[in-house]
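To start, the structure under review is shown below, and the notes come after it.
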């Protein structure tokens, strides 16, 4: 039977953090290779959303201004943004 000690739990934590960082890095590389899509968030939604909108996929994130201007982001983020904006209308 294994006994957890401060040292053994710290080692597991360090390994888990390193693996998580590697997974986020791989996800970022995949998203960078994606086709870019143009998006904009209407300025009128600022009262509901705030001045910026945070979107994340597997630890990789973008922050979009809510100002009505067009920005290019990886296409998977556009799908998330469209779902979010659609839910605001509901």
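So here's what we get for this one:
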{"item": "Count - residues of the stretch 40-66 that are loosely packed, with under 15 Cβ neighbours inside 10 Å and without any contact (Cβ under 8 Å) to a residue 40 or more places away in the chain", "result": "15"}
{"item": "Residue within the stretch 45-55 that is closer than 26 Å to residue 27 by Cα and in contact with a helix residue (DSSP H, G or I) (Cβ under 6 Å, 6 or more places away or on another chain) present", "result": "yes"}
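None of the figures in this text is laboratory data; all of them are computed from the coordinates on show. Here the structure is a predicted model, which is why all the values come from computation and not from measurement. Please note: Cβ atoms are built from the backbone with ideal geometry, for glycine as well, and neighbour counts cover all protein chains shown.
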